[in-house]
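A quick write-up on the structure given underneath.
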Amino acid sequence: MSAASKLAGKLRLPCIGAPLFIVSTPDLVIAQCKAGIVGSFPALNARPKDKLDEWLVRIKSELAEHDAAHPDSPAAPFAVNQIVHRSNDRLMHDLEACVPLVITSLGAREDVNQAIHSYGGLVFHDVINNHFAKKAVQKGADGIIAVAAGAGGHAGTLSPFALVSEIREWFDGPLCLSGSIATGSGVLAAQALGADFAYMGSAFIASAEANAQDAYKQSIVESVAADIVYSSLFTGVHGNYLRPSIMAAGLDPDNLPEGDVTQMDFGSGGNTDAKAWKDIWGCGQGIGAIKEVSTAGEIVERLKGEYAAAVAESRAATGRFVP
């Protein structure tokens, strides 16, 4: 059985909750996993570094308790995101935590992948184009997260149609698609393109469990795709951010200078006095579908209902089997 099939068999919706800097904490991860999707968080969210072990113990303990109480609907697995960029001076420490699924970002390293594989872990790596996808697999990544145009955070600019098609020409392993997915029909569309899983983040910022300011959550509810600004200013790498937060920082979202990638520092939070992601709020273009702040469980239930309806409509329209 393939890695993708093994993972999909543990989910009640083919979806991975993206790790959200600052926003994703055990509260959100546990709620996502109990609802039946992969929950994840960046290791760097656990500060100081010793807190990472505390978080992992809590997540594993609460999910085990859930499984014991709900044997017919066990929790989905969880994942930890590791930033491989050279500014992350915690990387080697954080890798000592043996997590079954690790999401790596901002650099692919063979030694990191080997360390994870040494205890039987899987590595899914973020990429924004086919070139980086090939490099990631060459260095040992098991799965690819295709970050297409419109995704929150450090997004790419390629259409998901082009990006997934190019990757699937040579890669038959686990493939996740990220970029403006905020509905159940969007999850099915990702599968139709050739992805195994939808990779979804922004919808969960507007969840009760998210570690985000109320103003941040409300801004997502009130905003649409046109309110997303693509800029490299804040970290040195291009990303998508909410226009209202840029304006609140006294900046003109339509006239932002380029950032300096050499100044990227995950210890300090960015290149400007207004810090990404604390003050300058990351978000993807799919937020027009988010109408209210809900619990993570309610969000997943909505997605599952929309997904089931989309599957039924597709079967009726085509007369063919749809996953």
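The values are calculated or read from the model by the stated rules, or taken from the named source; none is laboratory data. Since the structure is predicted, the reported quantities are computational estimates derived from the model, not experimental observations. Don't worry about glycine lacking a Cβ; one is built from the backbone with ideal geometry, like all the others, and counts go over all protein chains shown.
Show the residue pairs that are 6+ apart or on different chains and have beta-carbon atoms under 6 Å apart, the first residue being within region 218-245 and without any contact (Cβ under 8 Å) to a residue 60 or more places away in the chain and farther than 13 Å from Gly152 by Cα, the second being part of a helix (DSSP H, G or I) and of a type in the set (Gly, Ala, Ser).
Pro244/Ser219
If Leu28 satisfies every condition in (1) in a loop (DSSP other than H, G, I, E, B); (2) under 19 Å from Thr295 (Cα atoms) but one, which is the exception?
Failing condition for Leu28: (1).
Yes/no matrix, rows are residues, columns are (1) touching a Ser or Thr at 6+ places or on another chain (Cβ under 7 Å); (2) of a type in the set (D, E, K, R); (3) surrounded by 15 or more Cβ atoms within 10 Å (Cβ to Cβ):
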{"residue": "Ala97", "(1), (2), (3)": "no, no, yes"}
{"residue": "Ala149", "(1), (2), (3)": "yes, no, yes"}
{"residue": "Ser165", "(1), (2), (3)": "no, no, no"}
{"residue": "Leu175", "(1), (2), (3)": "no, no, yes"}
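Being in a loop (DSSP other than H, G, I, E, B) and of a type in the set (Gly, Ala, Ser) narrows it down to one residue among Ala226, Ala182, Ala203, Ala198; which is it?
Ala182
Taking the stated definitions as given, is Val137 in contact (Cβ under 8 Å) with a residue 12 or more places away in the chain, assigned to a helix (DSSP H, G or I), farther than 17 Å from Ser105 by Cα and among the β-branched types (Val, Ile, Thr)?
Values: in contact (Cβ under 8 Å) with a residue 12 or more places away in the chain: yes; assigned to a helix (DSSP H, G or I): yes; farther than 17 Å from Ser105 by Cα: no; among the β-branched types (Val, Ile, Thr): yes.
No; evaluated as a whole, the condition is false for this residue.
Between a residue in region 118-132 that is among the polar types (S, T, N, Q) and any residue that is surrounded by fewer than 22 Cβ atoms within 10 Å (Cβ to Cβ) and in a helix (DSSP H, G or I), which pairs come within a Cβ distance under 9 Å, given they are 6 or more apart or on different chains?
If the second residue must be surrounded by fewer than 22 Cβ atoms within 10 Å (Cβ to Cβ) and in a helix (DSSP H, G or I), the pairs left are Asn129/Glu166; Asn130/Ala162; Asn130/Glu166.
So which residues in region 182-199 are among the β-branched types (Val, Ile, Thr) and under 15 Å from Phe161 (Cβ atoms)?
none
Among the numbered criteria (1) assigned to a helix (DSSP H, G or I); (2) at pLDDT 95 or above; (3) under 30 Å from Phe171 (Cα atoms), which single criterion is violated by Ser40?
All conditions pass for Ser40, except number (1).
Answer yes if at least one residue in region 49-68 is surrounded by 21 or more Cβ atoms within 10 Å (Cβ to Cβ) and charged (D, E, K, R), and no otherwise.
No, region 49-68 contains no residue that is surrounded by 21 or more Cβ atoms within 10 Å (Cβ to Cβ) and charged (D, E, K, R).
Being of a type outside the set (S, T, N, Q), touching a Leu at 6+ places or on another chain (Cβ under 6 Å), touching a residue at least 12 places away in the same chain (Cβ under 8 Å) and surrounded by 22 or more Cβ atoms within 10 Å (Cβ to Cβ) narrows it down to one residue among Ala115, Ala195, Ala182, Ala155; which is it?
Residue meeting the stated conditions: Ala195.
Would a scan of region 154-166 turn up a residue that is within 21 Å of Val80 (Cα to Cα) and more than 14 Å from the chain's Cα centre (by Cα)?
No, region 154-166 has no match at all.
Yes or no: region 60-73 includes at least one residue that is acidic (Asp, Glu), under 17 Å from the mean Cα position of the chain (by Cα) and closer than 24 Å to Ser2 by Cα.
Checked against the condition, which is being acidic (Asp, Glu), under 17 Å from the mean Cα position of the chain (by Cα) and closer than 24 Å to Ser2 by Cα, region 60-73 yields no hits at all.
Of these, Ala312, Ala274, which one is at pLDDT below 95, out of contact with any helix residue (DSSP H, G or I) (no Cβ under 7 Å at 6 or more places or on another chain) and either part of a helix (DSSP H, G or I) or under 22 Å from Ser178 (Cα atoms) (or both)?
Exactly one of Ala312, Ala274 is at pLDDT below 95, out of contact with any helix residue (DSSP H, G or I) (no Cβ under 7 Å at 6 or more places or on another chain) and either part of a helix (DSSP H, G or I) or under 22 Å from Ser178 (Cα atoms) (or both), namely Ala312.
Has region 82-98 got at least one residue that is closer than 20 Å to Lys60 by Cβ and in contact with a Pro (Cβ under 7 Å, 6 or more places away or on another chain)?
No, because not a single residue in region 82-98 is closer than 20 Å to Lys60 by Cβ and in contact with a Pro (Cβ under 7 Å, 6 or more places away or on another chain).
Could you run through region 47-69 and say how many residues are assigned to a loop (DSSP other than H, G, I, E, B) and either touching a strand residue (DSSP E or B) at 6+ places or on another chain (Cβ under 9 Å) or touching a residue at least 12 places away in the same chain (Cβ under 8 Å) (or both)?
The number of residues fulfilling the criteria is 1.
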